[in-house]
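To start, the structure itself, in C-alpha coordinates.
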Amino acid sequence: MLRDAVRSLAEAKIAPYAAAVDEEARFPQEALDALTANDLHAVHVPEEYGGGGADALATVIVIEEVARVCASSSLIPAVNKLGSLPVILSGSEELKKRYMTPLAKGDGMFSYCLSEPDAGSDAAGMKTKAVRDGDFWVLNGVKRWITNAGVSEYYTVMAVTDPSKRSKGISAFVVEKSDEGVSFGAPEKKLGIKGSPTREVYLDNVRIPADRMIGAEGTGFATAMKTLDHTRITIAAQALGIAQGALDYAKGYVKERKQFGKPIADFQGIQFMLADMAMKIEAARQLTYAAAAKSQRGDSDLTFQGAAAKCFASDVAMEVTTDAVQLLGGYGYTRDYPVERMMRDAKITQIYEGTNQVQRVVMARNLP
Ligand SMILES: Cc1cc2nc3c(=O)[nH]c(=O)nc-3n(C[C@H](O)[C@H](O)[C@H](O)COP(=O)(O)OP(=O)(O)OC[C@H]3O[C@@H](n4cnc5c(N)ncnc54)[C@H](O)[C@@H]3O)c2cc1C
(Lines give C-alpha, C1' and ligand atoms only; values in the text may rest on other atoms or scores of the structure.)
Protein backbone atom coordinates (compact mmCIF):
# COMPACT_ATOMS: atom_id res chain seq x y z
CA MET A 1 0.00 0.00 0.00
CA LEU A 2 2.81 2.39 0.88
CA ARG A 3 4.57 1.68 -2.42
CA ASP A 4 1.37 2.21 -4.42
CA ALA A 5 0.61 5.46 -2.60
CA VAL A 6 4.12 6.88 -3.08
CA ARG A 7 4.24 5.72 -6.71
CA SER A 8 0.94 7.47 -7.55
CA LEU A 9 2.06 10.64 -5.81
CA ALA A 10 5.51 10.56 -7.45
CA GLU A 11 4.06 10.01 -10.92
CA ALA A 12 1.42 12.73 -10.53
CA LYS A 13 3.29 15.41 -8.59
CA ILE A 14 7.06 14.84 -9.01
CA ALA A 15 7.69 13.18 -12.40
CA PRO A 16 6.18 16.04 -14.45
CA TYR A 17 8.89 18.42 -13.16
CA ALA A 18 11.90 16.07 -13.18
CA ALA A 19 13.23 17.10 -16.61
CA ALA A 20 12.83 20.83 -15.92
CA VAL A 21 14.42 20.54 -12.48
CA ASP A 22 17.43 18.89 -14.16
CA GLU A 23 17.56 21.26 -17.13
CA GLU A 24 17.29 24.39 -14.97
CA ALA A 25 19.33 22.94 -12.07
CA ARG A 26 16.69 24.19 -9.65
CA PHE A 27 15.42 22.89 -6.32
CA PRO A 28 12.37 20.60 -6.78
CA GLN A 29 9.99 22.75 -4.72
CA GLU A 30 6.97 20.92 -6.19
CA ALA A 31 8.39 17.65 -4.81
CA LEU A 32 9.03 19.15 -1.38
CA ASP A 33 5.47 20.53 -1.28
CA ALA A 34 3.94 17.23 -2.40
CA LEU A 35 6.04 15.13 -0.02
CA THR A 36 5.37 17.45 2.92
CA ALA A 37 1.61 17.59 2.22
CA ASN A 38 1.57 13.78 2.40
CA ASP A 39 3.94 13.46 5.38
CA LEU A 40 6.57 11.74 3.25
CA HIS A 41 9.38 14.32 3.53
CA ALA A 42 10.87 12.78 6.70
CA VAL A 43 8.96 9.55 7.29
CA HIS A 44 11.61 8.13 9.62
CA VAL A 45 10.92 10.59 12.46
CA PRO A 46 9.43 8.68 15.42
CA GLU A 47 5.74 9.21 16.22
CA GLU A 48 6.53 10.66 19.66
CA TYR A 49 7.94 13.74 17.88
CA GLY A 50 5.01 13.98 15.50
CA GLY A 51 6.63 11.97 12.71
CA GLY A 52 5.35 9.09 10.62
CA GLY A 53 7.43 6.58 12.55
CA ALA A 54 8.30 4.66 9.40
CA ASP A 55 10.74 1.80 9.93
CA ALA A 56 13.92 1.47 7.85
CA LEU A 57 12.25 -0.66 5.15
CA ALA A 58 9.30 1.71 4.74
CA THR A 59 11.73 4.64 4.47
CA VAL A 60 13.66 2.75 1.78
CA ILE A 61 10.46 2.16 -0.20
CA VAL A 62 9.55 5.86 -0.08
CA ILE A 63 13.03 6.88 -1.31
CA GLU A 64 13.07 4.15 -3.98
CA GLU A 65 9.72 5.22 -5.42
CA VAL A 66 10.61 8.92 -5.50
CA ALA A 67 14.02 8.15 -7.08
CA ARG A 68 12.27 6.07 -9.75
CA VAL A 69 10.94 9.33 -11.22
CA CYS A 70 13.37 11.99 -9.89
CA ALA A 71 16.65 11.24 -8.11
CA SER A 72 17.08 14.88 -7.00
CA SER A 73 13.72 14.81 -5.23
CA SER A 74 14.54 11.53 -3.47
CA LEU A 75 17.28 13.40 -1.61
CA ILE A 76 14.58 15.23 0.35
CA PRO A 77 13.52 12.19 2.47
CA ALA A 78 17.02 10.66 2.25
CA VAL A 79 18.99 13.66 3.50
CA ASN A 80 16.38 14.53 6.12
CA LYS A 81 17.17 11.10 7.56
CA LEU A 82 20.95 11.51 7.12
CA GLY A 83 20.99 14.94 8.78
CA SER A 84 18.73 14.08 11.68
CA LEU A 85 19.78 10.52 12.49
CA PRO A 86 22.78 11.69 14.59
CA VAL A 87 20.28 13.49 16.87
CA ILE A 88 17.95 10.47 16.97
CA LEU A 89 20.82 8.05 17.70
CA SER A 90 22.87 10.09 20.15
CA GLY A 91 21.08 13.32 21.09
CA SER A 92 19.49 14.21 24.42
CA GLU A 93 15.73 13.91 24.79
CA GLU A 94 15.50 17.71 24.85
CA LEU A 95 17.48 18.00 21.59
CA LYS A 96 15.29 15.38 19.91
CA LYS A 97 12.11 17.21 20.91
CA ARG A 98 13.49 20.56 19.84
CA TYR A 99 14.61 19.47 16.36
CA MET A 100 12.61 16.40 15.36
CA THR A 101 9.29 18.19 15.92
CA PRO A 102 9.80 20.94 13.28
CA LEU A 103 11.40 18.41 10.92
CA ALA A 104 8.34 16.16 11.17
CA LYS A 105 5.98 19.12 10.68
CA GLY A 106 7.79 20.20 7.54
CA ASP A 107 9.00 23.43 9.12
CA GLY A 108 12.69 22.79 8.40
CA MET A 109 14.90 20.23 6.65
CA PHE A 110 18.11 18.73 8.05
CA SER A 111 21.54 18.48 6.36
CA TYR A 112 24.63 16.48 7.33
CA CYS A 113 28.02 18.22 7.41
CA LEU A 114 30.93 15.80 7.57
CA SER A 115 33.01 16.37 4.39
CA GLU A 116 35.49 19.20 3.93
CA PRO A 117 37.63 20.41 1.01
CA ASP A 118 40.61 18.35 2.26
CA ALA A 119 38.74 15.63 4.15
CA GLY A 120 36.52 13.36 2.04
CA SER A 121 37.21 9.62 2.30
CA ASP A 122 39.47 10.45 5.25
CA ALA A 123 36.72 12.32 7.06
CA ALA A 124 38.54 12.14 10.40
CA GLY A 125 41.16 14.46 8.89
CA MET A 126 38.69 17.35 9.18
CA LYS A 127 39.85 20.81 10.25
CA THR A 128 36.61 22.49 11.36
CA LYS A 129 37.08 23.36 15.03
CA ALA A 130 34.77 23.92 17.96
CA VAL A 131 36.24 25.70 20.97
CA ARG A 132 34.46 25.87 24.32
CA ASP A 133 33.70 29.33 25.71
CA GLY A 134 31.75 29.07 28.98
CA ASP A 135 28.25 27.82 28.17
CA PHE A 136 28.90 28.09 24.46
CA TRP A 137 30.89 26.46 21.67
CA VAL A 138 32.43 28.57 18.93
CA LEU A 139 32.69 26.87 15.52
CA ASN A 140 35.03 27.81 12.69
CA GLY A 141 35.66 26.02 9.40
CA VAL A 142 34.39 25.03 5.96
CA LYS A 143 32.16 22.04 5.18
CA ARG A 144 32.04 21.00 1.53
CA TRP A 145 29.54 19.17 -0.70
CA ILE A 146 26.65 19.67 1.66
CA THR A 147 23.39 18.40 0.17
CA ASN A 148 20.46 20.78 0.54
CA ALA A 149 22.72 23.44 2.07
CA GLY A 150 20.97 26.78 2.07
CA VAL A 151 17.54 25.12 1.85
CA SER A 152 17.79 23.23 5.15
CA GLU A 153 17.13 25.01 8.43
CA TYR A 154 19.21 22.58 10.51
CA TYR A 155 22.72 21.17 10.10
CA THR A 156 24.45 18.38 11.96
CA VAL A 157 28.07 19.55 11.98
CA MET A 158 31.04 17.40 12.95
CA ALA A 159 33.94 19.46 14.36
CA VAL A 160 37.24 18.87 16.14
CA THR A 161 37.04 19.58 19.87
CA ASP A 162 40.36 17.92 20.77
CA PRO A 163 42.96 17.90 17.97
CA SER A 164 45.25 15.52 19.89
CA LYS A 165 42.75 12.64 19.67
CA ARG A 166 41.95 12.50 15.91
CA SER A 167 38.59 10.69 15.43
CA LYS A 168 38.00 10.51 19.22
CA GLY A 169 38.45 14.27 19.41
CA ILE A 170 35.53 15.02 17.09
CA SER A 171 32.12 16.12 18.40
CA ALA A 172 28.75 16.64 16.72
CA PHE A 173 26.57 19.76 16.98
CA VAL A 174 23.28 21.07 15.66
CA VAL A 175 23.82 24.37 13.85
CA GLU A 176 20.88 26.43 12.61
CA LYS A 177 20.81 28.32 9.32
CA SER A 178 19.91 31.49 11.24
CA ASP A 179 22.90 31.26 13.62
CA GLU A 180 25.15 34.27 13.21
CA GLY A 181 28.25 33.43 11.16
CA VAL A 182 26.64 30.69 9.00
CA SER A 183 26.77 31.27 5.24
CA PHE A 184 26.82 29.22 2.03
CA GLY A 185 28.92 28.96 -1.12
CA ALA A 186 27.60 29.03 -4.70
CA PRO A 187 25.76 25.86 -5.81
CA GLU A 188 28.14 23.31 -7.38
CA LYS A 189 27.67 22.73 -11.12
CA LYS A 190 27.22 18.99 -11.26
CA LEU A 191 26.94 16.09 -13.73
CA GLY A 192 23.67 14.87 -12.21
CA ILE A 193 21.20 15.30 -9.34
CA LYS A 194 21.12 18.88 -10.55
CA GLY A 195 17.95 19.63 -8.62
CA SER A 196 19.65 18.87 -5.34
CA PRO A 197 21.62 21.91 -4.15
CA THR A 198 25.20 21.05 -3.13
CA ARG A 199 27.02 23.95 -1.48
CA GLU A 200 29.79 24.74 0.93
CA VAL A 201 28.80 25.73 4.46
CA TYR A 202 30.96 28.40 6.05
CA LEU A 203 31.18 28.61 9.80
CA ASP A 204 32.67 31.91 10.88
CA ASN A 205 32.80 32.26 14.67
CA VAL A 206 29.41 30.56 15.02
CA ARG A 207 28.59 30.74 18.74
CA ILE A 208 26.05 28.15 19.84
CA PRO A 209 24.76 27.11 23.29
CA ALA A 210 26.59 24.09 24.77
CA ASP A 211 23.35 22.06 24.84
CA ARG A 212 23.46 21.87 21.04
CA MET A 213 26.19 19.25 21.27
CA ILE A 214 24.87 15.85 20.11
CA GLY A 215 25.87 13.22 22.69
CA ALA A 216 29.05 13.50 24.74
CA GLU A 217 32.18 15.40 23.74
CA GLY A 218 34.42 13.25 21.55
CA THR A 219 31.65 10.93 20.31
CA GLY A 220 30.80 12.87 17.13
CA PHE A 221 32.81 10.76 14.71
CA ALA A 222 31.41 7.51 16.10
CA THR A 223 27.90 8.96 15.74
CA ALA A 224 28.68 10.07 12.18
CA MET A 225 29.87 6.55 11.22
CA LYS A 226 26.96 4.83 12.99
CA THR A 227 24.60 7.12 11.08
CA LEU A 228 26.17 6.07 7.76
CA ASP A 229 25.68 2.38 8.62
CA HIS A 230 21.93 3.09 8.52
CA THR A 231 21.75 5.70 5.77
CA ARG A 232 23.91 3.97 3.17
CA ILE A 233 20.86 1.76 2.79
CA THR A 234 18.88 4.83 1.74
CA ILE A 235 21.46 5.51 -0.99
CA ALA A 236 21.07 1.89 -2.09
CA ALA A 237 17.33 2.62 -2.27
CA GLN A 238 17.95 5.72 -4.34
CA ALA A 239 20.16 3.74 -6.73
CA LEU A 240 17.54 1.00 -6.93
CA GLY A 241 14.82 3.52 -7.79
CA ILE A 242 16.91 5.18 -10.50
CA ALA A 243 17.67 1.76 -12.04
CA GLN A 244 14.01 0.70 -11.92
CA GLY A 245 12.94 3.97 -13.54
CA ALA A 246 15.41 3.41 -16.38
CA LEU A 247 14.33 -0.22 -16.90
CA ASP A 248 10.63 0.72 -16.87
CA TYR A 249 11.21 3.40 -19.49
CA ALA A 250 13.37 1.19 -21.72
CA LYS A 251 10.88 -1.69 -21.45
CA GLY A 252 8.14 0.49 -22.92
CA TYR A 253 10.38 2.00 -25.59
CA VAL A 254 11.60 -1.25 -27.12
CA LYS A 255 8.00 -2.36 -27.75
CA GLU A 256 7.27 0.85 -29.69
CA ARG A 257 10.49 1.30 -31.65
CA LYS A 258 10.55 -0.60 -34.93
CA GLN A 259 13.62 -1.55 -36.97
CA PHE A 260 13.95 -4.25 -39.63
CA GLY A 261 10.16 -4.30 -39.81
CA LYS A 262 9.46 -5.29 -36.20
CA PRO A 263 9.60 -3.94 -32.65
CA ILE A 264 13.20 -4.10 -31.41
CA ALA A 265 11.78 -5.95 -28.37
CA ASP A 266 11.47 -8.98 -30.68
CA PHE A 267 15.25 -9.29 -30.97
CA GLN A 268 16.76 -11.76 -28.54
CA GLY A 269 19.83 -9.51 -28.10
CA ILE A 270 17.51 -6.83 -26.67
CA GLN A 271 15.53 -9.32 -24.56
CA PHE A 272 18.74 -10.62 -22.96
CA MET A 273 19.79 -7.09 -22.02
CA LEU A 274 16.41 -6.46 -20.37
CA ALA A 275 16.60 -9.79 -18.54
CA ASP A 276 20.06 -8.95 -17.17
CA MET A 277 18.91 -5.48 -16.09
CA ALA A 278 15.88 -6.88 -14.26
CA MET A 279 17.97 -9.63 -12.66
CA LYS A 280 20.54 -7.17 -11.32
CA ILE A 281 17.86 -4.83 -10.00
CA GLU A 282 16.12 -7.66 -8.19
CA ALA A 283 19.41 -8.79 -6.60
CA ALA A 284 20.08 -5.19 -5.48
CA ARG A 285 16.55 -4.94 -4.10
CA GLN A 286 16.86 -8.11 -2.03
CA LEU A 287 20.21 -6.98 -0.59
CA THR A 288 18.84 -3.51 0.17
CA TYR A 289 15.66 -4.72 1.86
CA ALA A 290 17.58 -7.29 3.91
CA ALA A 291 19.99 -4.52 4.99
CA ALA A 292 17.02 -2.32 5.91
CA ALA A 293 15.67 -5.07 8.16
CA LYS A 294 19.11 -5.31 9.78
CA SER A 295 19.15 -1.53 10.26
CA GLN A 296 15.77 -1.69 11.98
CA ARG A 297 16.84 -4.54 14.28
CA GLY A 298 20.33 -3.10 14.87
CA ASP A 299 21.97 -6.40 13.86
CA SER A 300 25.69 -6.73 14.54
CA ASP A 301 26.53 -7.26 10.84
CA LEU A 302 24.80 -4.04 9.77
CA THR A 303 28.09 -2.29 8.87
CA PHE A 304 28.96 -4.95 6.27
CA GLN A 305 25.40 -5.25 4.94
CA GLY A 306 24.83 -1.51 4.64
CA ALA A 307 28.09 -1.04 2.75
CA ALA A 308 27.37 -4.06 0.55
CA ALA A 309 23.86 -2.85 -0.32
CA LYS A 310 25.06 0.66 -1.18
CA CYS A 311 28.02 -0.56 -3.21
CA PHE A 312 26.12 -3.26 -5.10
CA ALA A 313 22.96 -1.25 -5.79
CA SER A 314 24.90 1.80 -7.00
CA ASP A 315 27.04 -0.30 -9.36
CA VAL A 316 23.81 -1.88 -10.64
CA ALA A 317 22.27 1.57 -11.13
CA MET A 318 25.24 2.67 -13.23
CA GLU A 319 25.16 -0.50 -15.37
CA VAL A 320 21.39 -0.53 -15.82
CA THR A 321 21.06 3.16 -16.71
CA THR A 322 23.95 2.87 -19.19
CA ASP A 323 22.19 -0.12 -20.79
CA ALA A 324 18.92 1.82 -20.86
CA VAL A 325 20.61 4.58 -22.87
CA GLN A 326 21.94 1.85 -25.20
CA LEU A 327 18.46 0.40 -25.68
CA LEU A 328 17.16 3.77 -26.86
CA GLY A 329 20.05 4.15 -29.33
CA GLY A 330 20.70 7.74 -30.44
CA TYR A 331 17.46 8.90 -28.82
CA GLY A 332 18.73 7.68 -25.46
CA TYR A 333 21.68 10.03 -25.76
CA THR A 334 19.46 13.12 -25.87
CA ARG A 335 17.61 15.07 -23.22
CA ASP A 336 14.33 14.42 -25.03
CA TYR A 337 14.22 11.10 -23.14
CA PRO A 338 14.72 10.60 -19.40
CA VAL A 339 17.31 7.81 -19.47
CA GLU A 340 20.34 10.06 -20.05
CA ARG A 341 19.34 12.03 -16.91
CA MET A 342 19.00 8.77 -15.02
CA MET A 343 22.48 7.69 -16.17
CA ARG A 344 23.97 11.00 -14.98
CA ASP A 345 22.04 10.80 -11.71
CA ALA A 346 23.13 7.19 -11.09
CA LYS A 347 26.82 8.15 -11.00
CA ILE A 348 26.60 10.02 -7.70
CA THR A 349 25.36 6.93 -5.87
CA GLN A 350 28.80 5.37 -6.42
CA ILE A 351 30.46 8.42 -4.83
CA TYR A 352 28.61 9.88 -1.85
CA GLU A 353 28.16 8.54 1.68
CA GLY A 354 31.57 6.98 1.00
CA THR A 355 32.85 6.06 -2.47
CA ASN A 356 32.47 2.46 -3.55
CA GLN A 357 36.20 1.97 -2.91
CA VAL A 358 35.58 3.08 0.67
CA GLN A 359 32.59 0.70 0.89
CA ARG A 360 34.96 -2.11 -0.08
CA VAL A 361 37.40 -1.00 2.64
CA VAL A 362 34.49 -1.06 5.12
CA MET A 363 33.33 -4.51 3.93
CA ALA A 364 36.85 -5.93 4.05
CA ARG A 365 37.22 -4.78 7.66
CA ASN A 366 33.84 -6.30 8.61
CA LEU A 367 33.73 -9.54 6.66
CA PRO A 368 30.88 -11.78 7.79
C1 LIG B 1 26.76 15.77 -5.02
C2 LIG B 1 27.44 15.46 -3.72
C3 LIG B 1 26.72 15.52 -2.53
C4 LIG B 1 27.35 15.25 -1.31
N5 LIG B 1 26.64 15.42 -0.14
C6 LIG B 1 27.31 15.36 1.05
C7 LIG B 1 26.67 15.73 2.27
O8 LIG B 1 25.46 16.07 2.29
N9 LIG B 1 27.39 15.73 3.41
C10 LIG B 1 28.70 15.39 3.43
O11 LIG B 1 29.29 15.40 4.51
N12 LIG B 1 29.35 15.02 2.30
C13 LIG B 1 28.69 15.00 1.11
N14 LIG B 1 29.34 14.67 -0.07
C15 LIG B 1 30.76 14.31 -0.01
C16 LIG B 1 31.05 12.89 -0.40
O17 LIG B 1 30.66 12.01 0.63
C18 LIG B 1 32.55 12.80 -0.75
O19 LIG B 1 32.70 13.45 -2.00
C20 LIG B 1 33.06 11.40 -0.80
O21 LIG B 1 33.09 10.82 0.48
C22 LIG B 1 34.47 11.31 -1.41
O23 LIG B 1 35.33 12.26 -0.88
P24 LIG B 1 36.22 13.17 -1.87
O25 LIG B 1 35.27 13.77 -2.85
O26 LIG B 1 37.04 14.08 -1.05
O27 LIG B 1 37.14 12.14 -2.65
P28 LIG B 1 38.55 11.56 -2.18
O29 LIG B 1 38.45 11.06 -0.78
O30 LIG B 1 39.60 12.57 -2.48
O31 LIG B 1 38.70 10.32 -3.14
C32 LIG B 1 39.24 10.40 -4.45
C33 LIG B 1 39.37 8.99 -5.00
O34 LIG B 1 40.28 8.23 -4.17
C35 LIG B 1 39.66 7.04 -3.74
N36 LIG B 1 40.13 6.67 -2.40
C37 LIG B 1 40.26 7.47 -1.30
N38 LIG B 1 40.71 6.75 -0.26
C39 LIG B 1 40.87 5.48 -0.69
C40 LIG B 1 41.30 4.25 -0.09
N41 LIG B 1 41.62 4.19 1.21
N42 LIG B 1 41.36 3.13 -0.86
C43 LIG B 1 41.00 3.17 -2.17
N44 LIG B 1 40.58 4.29 -2.78
C45 LIG B 1 40.50 5.43 -2.07
C46 LIG B 1 38.17 7.37 -3.73
O47 LIG B 1 37.39 6.19 -3.78
C48 LIG B 1 38.05 8.22 -4.97
O49 LIG B 1 37.94 7.39 -6.11
C50 LIG B 1 28.71 14.88 -1.29
C51 LIG B 1 29.42 14.80 -2.50
C52 LIG B 1 28.81 15.09 -3.69
C53 LIG B 1 29.62 15.05 -4.97
(message) Report every pair of residues separated by at least 6 positions or lying on different chains whose Cβ atoms are under 7 Å apart, first residue within the stretch 13-42 and assigned to a loop (DSSP other than H, G, I, E, B), second open to solvent by 30 Å² or more (accessible area, probe 1.4 Å) and not aromatic (Phe, Trp, Tyr).
(response) Ala25/Lys194; Phe27/Val151; Asp39/Gly52; His41/Gly106
(request) State all residues of the stretch 328-352 that are in contact (Cβ under 8 Å) with a residue 12 or more places away in the chain, open to solvent by 30 Å² or more (accessible area, probe 1.4 Å) and either of a type in the set (Lys, Arg) or near the ligand (Cβ under 7 Å from one of its atoms) (or both); if no residue qualifies, say none. (result) Arg335, Arg344, Lys347, Ile348, Tyr352
(message) Going residue by residue through the stretch 53-68, is there one that turns out to be open to solvent by less than 10 Å² (accessible area, probe 1.4 Å) and among the polar types (S, T, N, Q)?
(response) yes
(message) Looking at the stretch 166-175, can you tell me whether even one residue there is open to solvent by less than 20 Å² (accessible area, probe 1.4 Å), within 11 Å of the ligand (Cβ to nearest atom) and over 28 Å from Cys70 (Cα atoms)?
(response) no
(request) Quick one: in the stretch 114-143, of everything that is touching a Gly at 6+ places or on another chain (Cβ under 8 Å), of a type in the set (D, E, K, R) and not in a loop (DSSP other than H, G, I, E, B), which residue is nearest to the ligand (Cβ to nearest atom)? (result) Glu116
(message) Checking the condition out of contact with any Pro (no Cβ under 9 Å at 6 or more places or on another chain) and either open to solvent by 60 Å² or more (accessible area, probe 1.4 Å) or without any contact (Cβ under 8 Å) to a residue 12 or more places away in the chain (or both), which residue from Glu217, Glu256 passes?
(response) Glu217
(request) Within the stretch 73-100, track down each residue that is of a type in the set (D, E, K, R) and under 10 Å from the mean Cα position of the chain (by Cα). (result) Lys81
(message) With within 11 Å of the ligand (Cβ to nearest atom) and either open to solvent by 30 Å² or more (accessible area, probe 1.4 Å) or part of a helix (DSSP H, G or I) (or both) as the only criterion, which of Val316, Val320, Val325, Val361 stands out?
(response) Val361
(request) Collect the residues in the stretch 182-214 that are open to solvent by 50 Å² or more (accessible area, probe 1.4 Å), within 11 Å of the ligand (Cβ to nearest atom) and of a type in the set (A, V, I, L, M, F, W, C), keeping them in residue-number order. (result) Leu191
(message) Checking the condition assigned to a helix (DSSP H, G or I), in contact with a strand residue (DSSP E or B) (Cβ under 9 Å, 6 or more places away or on another chain) and within 23 Å of Gly195 (Cα to Cα), which residue from Val66, Val79, Val87 passes?
(response) Val79
(request) Only residues that are aliphatic (A, V, I, L, M), outside any strand (DSSP E or B) and under 18 Å from Pro117 (Cα atoms): list them for the stretch 148-189, please. (result) Ala149, Ala186
(request) Check the stretch 266-285 and report whether any residue there is surrounded by 22 or more Cβ atoms within 10 Å (Cβ to Cβ) and within 14 Å of the ligand (Cβ to nearest atom). (result) no
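The values are calculated or read from the model by the stated rules, or taken from the named source; none is laboratory data. Remember, it's a predicted structure, so these values are computed and weren't measured experimentally. When we count neighbours, we look across all protein chains shown, and the Cβ atoms used for this are built from the backbone with ideal geometry, even at glycine. Please note that ligands, DNA and RNA were not included when accessible areas were found on the heavy atoms of the full protein model with its side chains. Shrake-Rupley method; radii C 1.70, N 1.55, O 1.52, S 1.80 Å.
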